[in-house]
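A quick write-up on the structure given underneath.
The values are calculated or read from the model by the stated rules, or taken from the named source; none is laboratory data. As the structure is a prediction and not an experimental result, all values here were calculated from the model. Neighbour counts run over all protein chains shown; Cβ positions are idealised from the backbone, glycine included. Ligands, DNA and RNA are stripped out before the accessible areas are found, and what is left, the full protein with its side chains, is counted by its heavy atoms. Shrake-Rupley method; radii C 1.70, N 1.55, O 1.52, S 1.80 Å.
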Amino acid sequence: MEGTVLGRPLEAPALPVQLLGAVAIITFSVLASLTLFMCIRKMGILKSSALQQRRGLDHESNIRAYNMLGQVDRYRAMVCHVKDSHGTFARWMQLELGKYTGGKGSIFLDS
């Protein structure tokens, strides 16, 4: 007797039962996450000091995620274009932007 449970034909659960199950799973997930995050917050495990936040969390690794001085080591802009077309326009854009950034060498042309 394939497809039966206790002699009755196997049926899919009704929509209200499925919705109840979905609500139960969502409720459990939200409560478990809130409990976990509140415990982490109370223990202060993942907290950074005000000094670390001012300096940036990448300060200790000597790798800067953001350039705070406003200086760019090599390029000031990047021009990227579709390879099949717009190559001439990208080159012209590189030359024009170069007038404002100190030369075409400061514009990266992805060609």
_Close pairs from region 100-111: first within 10 Å of residue 79 (Cβ to Cβ) and open to solvent by less than 40 Å² (accessible area, probe 1.4 Å), partner outside any helix (DSSP H, G or I) and small (Gly, Ala, Ser), Cβ under 6 Å, at least 6 apart_ = 107/77
*asked:* Name the residue that is modelled with the highest pLDDT, counting only residues in region 55-111 that are hydroxyl-bearing (Ser, Thr, Tyr) and in a helix (DSSP H, G or I).
replied: 88
*Out of all the residues in region 1-18, which are open to solvent by 100 Å² or more (accessible area, probe 1.4 Å) and not in a loop (DSSP other than H, G, I, E, B)?*
8, 15
